[in-house]
Amino acid sequence: MTGSIVLAVAVLVGALAVLNLVLTYGVIRRLREHTRMLADHTSADTPLALPAAGTPLPGFSATTADGTVVTDADLAGPPAFVGFFSATCAPCKEQLPQFVERLAGVDPRRLVVVLSDAQVAPADAETMLAAARGHARILMEPRDGLPETFGVNRYPTMLTIDNGAVLANTQVAARLPSMAAT
């Protein structure tokens, strides 16, 4: 009787060890795949960086989702906020609603959401757009469009623009100035 209990425990421990090996192999495989995906999005000649404070606002003209034209002149003057998000970026899906909520007191004409990769993940893009509609101007842009013009190659990126230059940058909406009183 004792021998059969010891055998059952040994078989159970062996089965758990095999399960652990299989799960570990799966995690390692997924990490390798993730590393390859990151390498595809960046290259050695494109360092990851945010537009620095003091960087002049680039000249641009883009059309919003509702057909309104937005230019660099629209963002000149008092503080404006531009958030760059990607429909394929998990942190972006979390940060976009926080960006809009944090800046709820800002005139929607001074708040711009730039969404990239909408065609790659249309369902995610639509969910993200729903969070911004009515609160900000929405620009649907490829990565090599307005994000590249601004020097953005990290997502999410949120910029505070003041007097024609980048005043501050962040990747976390909670670090933006609170505009509830504005």
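Taken together, the values in this text are just the output of simple stated rules run on the coordinates, not laboratory data. Predicted model, so just to flag it, every value in this text is computed and none were measured. Ideal geometry is used to build each Cβ from the backbone, glycine not excepted, and the neighbour counts take in all protein chains shown.
See the values below:
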{"item": "Spin-label pair ALA10/GLU33, simplified geometry with 7 Å Cα→Cβ offset, distance in nm", "result": "3.7 nm"}
{"item": "Percent antiparallel among DSSP beta bridges (both partners in the chain, rounded to 5)", "result": "60 percent"}
{"item": "In degrees, nearest ten, helix 122-132 long axis to first principal axis of the chain (Cα)", "result": "50 degrees"}
{"item": "Fully extended contour minus Cα-Cα distance, from ALA123 to ARG175, at 0.36 nm per residue", "result": "15.9 nm"}
{"item": "Label point distance in nm, ARG143-VAL22, each placed 7 Å from Cα along Cα→Cβ", "result": "3.5 nm"}
{"item": "Burial ordering of GLU148, GLU126, fewest other beta-carbon atoms within 10 Å first", "result": "GLU126, GLU148"}
{"item": "Values of log10 I(q)/I(0), in the order q = 0.08 Å⁻¹, for the chain under a Debye, Cα-only, solvent-free model", "result": "-0.35"}
{"item": "Order by protection proxy (mean Cβ within 10 Å, highest first), peptides 53-61, 111-119, 86-94", "result": "111-119, 86-94, 53-61"}
{"item": "Residue exposure sequence - PHE85, PHE150 - by fewest surrounding Cβ within 10 Å", "result": "PHE150, PHE85"}
{"item": "Built amide H within the under 5 Å cut-off of THR64, gap 5+", "result": "VAL69, VAL70"}
{"item": "Cut-off under 5 Å, modelled amide H: who pairs with ASN153 long-range", "result": "ALA49"}
{"item": "Mean Cβ count within 10 Å, highest first, over the residues of peptides 168-175, 75-82, 23-30", "result": "75-82, 168-175, 23-30"}
{"item": "Estimated 222 nm signal from helices in the chain, with DSSP H stretches of n ≥ 4 weighted -39500 (n - 2.57), rounded to 500", "result": "-12500 deg cm²/dmol"}
{"item": "Percentage relative contact order, region 61-175, counting C-alpha pairs under 8 Å, at least six apart", "result": "35 percent"}
